[in-house]
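The values are calculated or read from the model by the stated rules, or taken from the named source; none is laboratory data. As the structure is a computational prediction, the values presented were derived from the model and not from experiment. Here Cβ is always computed from backbone atoms with ideal geometry, including for glycine, and neighbour counts include all displayed protein chains. Side chains are part of the model used for accessible areas, which takes the heavy atoms of the whole protein and leaves out ligands, DNA and RNA. Shrake-Rupley method; radii C 1.70, N 1.55, O 1.52, S 1.80 Å.
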Amino acid sequence: MTNLLALADVRINGARPWDIQVHDRRFFNRVLASGTLGFGESYMDGWWDCDALDEMCCRAVRAGLEKRFAFRLPNVWAFLTALLANQQTLRRARKVGRVHYDLSNDFFEAMLDPNMQYSCALFAEGDDLASAQLRKLDWICDRLRLRPGLRLLDIGSGWGGLARYAARHYGCQVVGITISQEQFRYAQRWCRGLDVEIQLRDYREVTERFDRVVSVGMVEHVGYKNYRTYMRAAARSLGENGLFLCQGICGNVSRVHADPWIKRYIFPNSVLPSLAQLTRAAEGVFIVEDVKNIGPNYDPTLLAWEENFRRAWPRFADRYSERFRRMWRFYLLSCAGAFRARSLQVFSILFSNESSAIGSDVRDRRQATSSSRTAVLEPSAWIGRSRGSITMK
């Protein structure tokens, strides 16, 4: 283990913030036996600590350390299970709602921004989390060319923030769908009085037609066996001249299963698609009009969530265990490290109906969205980084 970590310039019991402080020597055998699952579980159990957990994970990912554990039992089991069974059937897909999104609405209120956005923000220089999430909402609505009178389907509508924004600021009639009971109840209350209907249903159960379809941060729960079904469901929901915006976290390579720790403790039955898997699933169904990568923005988004979580923790300490606190911290900061290492991306893919591809005016709108109002953090814009801070050229 010491030699492996040295490849990432991480030391055991070193003095630097990204060095690991080992409290229980069982840590070594657990990681060697179970890979990333054992790494995360041993942190949850308090066997090791790291001041700059995000930076340590970034270094480990850049050094490719997770590949050294690809053939450990948890990974092999996850691979075989994914091949043999559809982990995201109508019944199984609802598990992530019960386990993750139904934790409690006040918990997520404390961690997220006022618009309850649980997906990548869009930062410009000087933005805080709230401003960056508003920028993201406006950017999405602009990419979809929303205008008064259009009907919008929001697949995976969460707590209703995007549906609410599109109805209030763009005059759209919105139907939002979620598989989370808690999100459903929250969004119904929050969108009351607006032209918004929130439904508790799976994307495969939608039968209505819409002018626009949007899906933000939901494709991660679709599963590789269902990408084609997902694309066809979106196309079936679109009327003539419709647009579909699919935005979500993607890996750099095509996989069929998720990291075992993430799947067990954070997002059951989830798997990150690749851009290739999504565009291949859309062949013969949609035309790809535009692809944007806003992935560099997820690092500061996750750091902002972790800061909010840390500040709010005293309010929840009696409700959740210390092991939960460490689990949640590991989730947020390890993901921040993975985005910083550029092993994860966020692709925003704009599709049009094959029979009615949008015209050349899209080019003008794309140029308009590149203004400072919707500036995004590009990899080349980063000239330095410290915990919780952003430096741009």
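A few remarks follow.
- In the set ARG325, ARG280, ARG315, only one residue is closer than 19 Å to TYR43 by Cα, open to solvent by 40 Å² or more (accessible area, probe 1.4 Å) and basic (Lys, Arg); that residue is ARG325.
- Segment 255-283, residues that are aliphatic (A, V, I, L, M), in contact with a Lys or Arg (Cβ under 9 Å, 6 or more places away or on another chain) and closer than 19 Å to SER343 by Cα: VAL256, VAL271, LEU272
- Residue within segment 354-369 that is at pLDDT 95 or above, closer than 23 Å to GLN133 by Cβ and either touching a strand residue (DSSP E or B) at 6+ places or on another chain (Cβ under 6 Å) or not aromatic (Phe, Trp, Tyr) (or both) present: no
- The single condition from (1) assigned to a helix (DSSP H, G or I); (2) open to solvent by 10 Å² or more (accessible area, probe 1.4 Å); (3) basic (Lys, Arg); (4) farther than 24 Å from GLY223 by Cβ that LYS136 fails is (2).
- Residue in segment 335-344 that is within 23 Å of ALA52 (Cβ to Cβ) and either part of a strand (DSSP E or B) or touching a His at 6+ places or on another chain (Cβ under 9 Å) (or both) present: yes
- Within segment 97-133, considering residues that are out of contact with any strand residue (DSSP E or B) (no Cβ under 9 Å at 6 or more places or on another chain) and of a type in the set (S, T, N, Q), the one surrounded by the fewest Cβ atoms within 10 Å (Cβ to Cβ): SER104
- Just one of the listed residues (ASP142, ASP154) is among the acidic types (Asp, Glu) and buried (at least 20 other Cβ atoms within 10 Å of the Cβ), and it is ASP154.
- Contacts under 7 angstrom Cβ, first residue in segment 135-147 being in contact (Cβ under 8 Å) with a residue 60 or more places away in the chain, partner aromatic (Phe, Trp, Tyr), 6 or more apart: LEU146/TYR170
- Checked across segment 214-223, the condition of being within 14 Å of GLN87 (Cα to Cα), modelled with pLDDT under 95 and of a type in the set (A, V, I, L, M, F, W, C) holds for no residue.
- Scanning segment 26-47 for residues that are part of a loop (DSSP other than H, G, I, E, B) and modelled with pLDDT of 95 or more, we see that the one that is surrounded by the most Cβ atoms within 10 Å (Cβ to Cβ) is TRP47.
- Any chance GLY158 is part of a strand (DSSP E or B), under 21 Å from the mean Cα position of the chain (by Cα) and small (Gly, Ala, Ser): no
- Some residue of segment 161-168 being open to solvent by less than 10 Å² (accessible area, probe 1.4 Å) and touching a Gly at 6+ places or on another chain (Cβ under 7 Å): yes
- The set of residues in segment 48-90 being modelled with pLDDT of 70 or more and β-branched (Val, Ile, Thr) consists of VAL61, THR81, THR89.
- When residues in segment 1-17 are screened for being out of contact with any strand residue (DSSP E or B) (no Cβ under 7 Å at 6 or more places or on another chain), under 17 Å from VAL61 (Cα atoms) and open to solvent by less than 50 Å² (accessible area, probe 1.4 Å), 3 of them pass.
- Hey, ILE198 under 30 Å from TRP305 (Cα atoms), open to solvent by 30 Å² or more (accessible area, probe 1.4 Å) and β-branched (Val, Ile, Thr) or not: no
- Within segment 237-246, not a single residue is open to solvent by 10 Å² or more (accessible area, probe 1.4 Å) and closer than 22 Å to ASN293 by Cα.
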